[in-house]
1. Which ones in the stretch 43-77 are under 10 Å from the mean Cα position of the chain (by Cα) and more than 23 Å from residue 25 (Cα to Cα)?
2. Before we move on, is residue 24 closer than 23 Å to residue 89 by Cα, at pLDDT below 90 and polar (S, T, N, Q)?
3. Taking the stretch 21-36 only, how many residues are among the polar types (S, T, N, Q), part of a strand (DSSP E or B) and surrounded by fewer than 15 Cβ atoms within 10 Å (Cβ to Cβ)?
4. Being farther than 11 Å from residue 75 by Cα, open to solvent by 40 Å² or more (accessible area, probe 1.4 Å) and not in a loop (DSSP other than H, G, I, E, B) is the filter here, so list the residues in the stretch 40-53 that pass it.
5. Within the set of pairs 6+ apart or on separate chains, which have a first residue in the stretch 1-28 that is at positive phi, a second that is modelled with pLDDT of 90 or more and assigned to a loop (DSSP other than H, G, I, E, B), and C-beta atoms under 8 Å apart?
6. Within the stretch 40-77, can you find the residues that are among the aromatic types (Phe, Trp, Tyr), on the phi > 0 side of the Ramachandran plot and at pLDDT 85 or above?
Amino acid sequence: NTTPVPPPGAIGKQVGCHLHAIAQVTGAVIAQGRSSMLEDTGFSFVNCQVTGLGALYLGRAWVPFSRVIFAYTYMDNIIIPKGWHNWDDPLREM
């Protein structure tokens, strides 16, 4: 079963989904981007499950001002404690 995920820059809400990763080494659950902190876009995952193989970041900043929310979501022991990858760009830490 595949959960459709909106492209970066869109608004997306997934409820009750199951994201199963098949990362060979490391990966990211989602990539989201906004070009301004005023943009009303982002992704939210509510009452979902994140399971799989490999080591995962919850997200990676596609561009600055990325916004992703995981609420009431079960996560396997595969999530990298840092949680977020900035793609080696400190400006994406805002």
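The values are calculated or read from the model by the stated rules, or taken from the named source; none is laboratory data. Worth saying up front: this structure is predicted, and the values here are computed from it rather than measured. Cβ: placed from backbone, ideal geometry, glycine included. Neighbour counts: every protein chain shown. When the accessible area is computed, the model is the full protein with side chains, heavy atoms only, and any ligands, DNA or RNA have been set aside. Shrake-Rupley method; radii C 1.70, N 1.55, O 1.52, S 1.80 Å.
1. The answer is 43, 44, 45, 66, 67, 69.
2. When the stated conditions are applied, residue 24 does not pass them.
3. So the count comes out to 2.
4. Once the filter is applied, which keeps residues that are farther than 11 Å from residue 75 by Cα, open to solvent by 40 Å² or more (accessible area, probe 1.4 Å) and not in a loop (DSSP other than H, G, I, E, B), the stretch 40-53 yields only 53.
5. These pairs meet every condition: 16/47; 16/48.
6. Hit for the stretch 40-77 is 72, nothing else.
Listed here are the residues, each with its yes/no results for (1) more than 12 Å from the chain's Cα centre (by Cα); (2) surrounded by 14 or more Cβ atoms within 10 Å (Cβ to Cβ); (3) at pLDDT below 85.
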{"residue": "4", "(1), (2), (3)": "yes, no, yes"}
{"residue": "19", "(1), (2), (3)": "no, yes, no"}
{"residue": "38", "(1), (2), (3)": "yes, no, no"}
{"residue": "79", "(1), (2), (3)": "no, yes, no"}
